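A short worksheet on the structure shown next.
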Amino acid sequence: MRHAFHLMIPPPMSSLVGASSVVSSALKQEELFPIREVSRLTGVNPVTLRAWERRYGLIQPTRTESGHRLYSLADIESVRSILAWIERGVAVSKVGKILAKSATKVPTSPVYEEVTAGEWAEWQTQLRQAIAAFDDVRLERLYGQVFSSYPLVVVFQDILMPLWQELLIRQDEFGQTSEWLFFDAFLRARTLQRLQIGRVQAEERVLLAALPGHCRELELLVAGLLMSSSEVAVSALGLGQPLEELALVCEKVQPQALVLFSNQPPAEDMPRVLARLALALDCPLVIAGDGSDLLEESVSGSPIACLGNEGRLMQRRLQQFLAGHLDT
């Protein structure tokens, strides 16, 4: 049930010229909402709303005589605008500066790229320093700080994994293999931990397996984490899982779907291999990763669905597929 208050706001003095009936009709009502209702409408808890006001000055609600906060519809739109920036990777401490530069509710490319690219590069520089020193304590602290500043998808897709990939490419340089292994082991442990926590909380379960030789373990685990949600838990099978045994595994686990992950171009016979596997399974088959984009045309019209390789979309598409709303 929605609770709202109405505040009577007088018109400006210039409008008071004329009969009293004109004055009366010029009065307008503005609907105001208590903090609990704003939290329900936006999904932002009251503690966070108060912090955005006190610490960053992002919202300035009206106060009653007793000190209770009342929010206008414009305030609610501001909250949604702030959320839009945060979801795209801007730290909340920088949102006020961006909103002052741009009147749009949705982030625009020039301002967005200017702010986020600089921020992410700063975090990556600090992470590189911790990795180069093999300082696991500092790395753990930075990892926690990054997660407290950005959504999970931004942390992995825009900050951690690009740095991991950079170190992987530079393995030929002396000392770089050791640094990459150090960072890779750290991220695999933290990612697996997050996946295990999600399995306990969610009701539905999806199995995730890699096409043999098509990705590294961390890429598989991160993909599972990006697909996971409060409703859907993703369980990643070990790297090297034989395709011919997946039907047996699914028969015993009874998942809502099996997701195959690939970051490599598919072989010519892959569409036929996938079609045979789909027939053998008791659950739907889904493809994700870079390979899914390359396979999309060849599996179009079949029961096999493609989630793509974009971390921000894989979770949504998986949920749509499980709900029967994603075309295959």
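The values are calculated or read from the model by the stated rules, or taken from the named source; none is laboratory data. It should be emphasised that the depicted structure is a prediction, and the values quoted were computed from it without experimental measurement. Cβ atoms come from the backbone with ideal geometry, glycine included; neighbour counts cover every protein chain shown.
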Filter pass, residue 100 being among the small types (Gly, Ala, Ser) and at pLDDT below 80: yes
Subset of segment 281-328, residues modelled with pLDDT of 85 or more and among the basic types (Lys, Arg), comes to 316, 317
Contact list please: Cβ distance under 9 Å, first residue in segment 152-180 and among the hydroxyl-bearing types (Ser, Thr, Tyr), second residue exposed (fewer than 15 other Cβ atoms within 10 Å of the Cβ) and modelled with pLDDT of 90 or more, pairs at least six apart or on different chains. 178/134
For segment 158-182, name all the residues that are among the β-branched types (Val, Ile, Thr) and either surrounded by fewer than 19 Cβ atoms within 10 Å (Cβ to Cβ) or not assigned by TED's automatic domain parsing to the domain that holds residue 126 (or both). 169, 177
Select from segment 113-157 the residues that are assigned to a loop (DSSP other than H, G, I, E, B) and not hydroxyl-bearing (Ser, Thr, Tyr) and write down the one among them that is surrounded by the most Cβ atoms within 10 Å (Cβ to Cβ). 151
Test for residue 243: is it modelled with pLDDT of 95 or more and not aromatic (Phe, Trp, Tyr): no
In the set 200, 206, the lone residue that is within 30 Å of residue 249 (Cα to Cα), touching a residue at least 40 places away in the same chain (Cβ under 8 Å) and under 25 Å from the mean Cα position of the chain (by Cα) is 206
If you take the residues in segment 210-226 that are of a type in the set (Gly, Ala, Ser) and over 16 Å from residue 315 (Cα atoms), which one is modelled with the highest pLDDT? 210
What are the residues in segment 39-76 that are over 21 Å from residue 93 (Cβ atoms) and outside any strand (DSSP E or B), if any? 39, 40, 41, 64, 65, 66, 67, 68, 73, 74, 76
So, residue 177, is that one under 20 Å from the mean Cα position of the chain (by Cα) and either in a strand (DSSP E or B) or more than 18 Å from residue 123 (Cα to Cα) (or both) or not? no
Would it be correct to say that residue 195 is under 23 Å from residue 233 (Cα atoms), in contact with a Leu (Cβ under 8 Å, 6 or more places away or on another chain) and part of a helix (DSSP H, G or I)? yes
